[in-house]
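This report concerns only the one structure given below.
Each value in this text was obtained by applying a stated rule to the coordinates, not by laboratory testing. Just so it is clear, the structure is predicted and the values come from calculations on it, not from any experiment. No Cβ is skipped: glycine too gets one built from the backbone with ideal geometry, and neighbour counts run over all protein chains shown.
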Amino acid sequence: MAPGTYLIKDFPHGPPFVIPTSNHFTDTAHVQDLVMEAFGLPEYQIYYLPAFALSREGYVYDVDATAKGEAVPTPDQFQRMLQALLAARFHLKTHWETKKISIYALVPDKGGPKFHEFRKDAQPPPREESRPFAGTTMFALARFITQNYDSPVLDGTGLPDRLYDFDINKLVNFHEIDREEGADPLDAEDYLRSALQHELGLKMESRKENMQILVVDHIDELSAN
């Protein structure tokens, strides 16, 4: 799985988003993706990356690195090695700050959640009724919703950190419907909010919370060639 991406289905963990399986790491990535991997942060907790580093518009770099020895690095070791790589090659310098930001908390609606824990031995549904959210963490669900809102969405359900079965194709397809109908983005947000409430028994609460953020003080722009 490439840095900066995640799976809606079968996504059993939060940051770091890549769990090493060997001592050799190779990928093609934006600097923003590498910083996310290195510090185990989603994009909304990283401030002041320049345009060349951003995933949507920045340069793409080929990364080919091998850890010393033959042992597979632990996730913590993997992150520290990426931090060292960014410091050595991009001269990345950062510091931490605490900032109060606006967030949405994903919380149970009246009556509680309308979904259950995922069972791997359950009979799979017919292809036409496939459930792209079957076997998904609350973290991954919140990450997906964040991509479609102007503020971070965090899991505030208090549910155990397990896989859940979200039978809700509408949640995945709402942006496609919105694009086809030429609707306003705010209408799409309302659609998603309604789908969460009626299909999953969840609602969005607007809050202000203190959050640790990583401030980028300096980073060099390397040639993309």
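Protection proxy ranking of 73-82, 21-30, by the mean of other Cβ atoms within 10 Å over each peptide's residues and highest first, is 73-82, 21-30. Here's how it looks for D109: its modeled amide H is under 5 Å from those of L202, K203, which are all 5 or more places away or on a different chain.
Modelled spin labels at E205 and L222, positioned 7 Å past Cα toward Cβ, are 4.5 nm from each other.
One decimal place: the segment Q197-Y59 gains 45.8 nm when fully extended, by the rule 0.36 nm per residue minus the C-alpha distance.
Placing R0 at 22 angstrom, the Cβ-Cβ distance between T74 and Y48 gives a FRET efficiency of 0.15 after rounding to 0.05. From most to least packed by mean Cβ count within 10 Å, the peptides 91-104, 31-44 give 31-44, 91-104. Among the listed pairs K120/K203; K99/K208; K68/K93, those with a Cα-Cα distance over 21 Å are K120/K203; K68/K93.
At a Förster radius of 45 Å, what calculated FRET efficiency corresponds to the Cβ-Cβ distance of W96 and L159, to the nearest 0.05? The partial results should precede the final answer.
Values: r = 29 Å, r/R0 = 0.64.
In this case the efficiency is close to 0.95.
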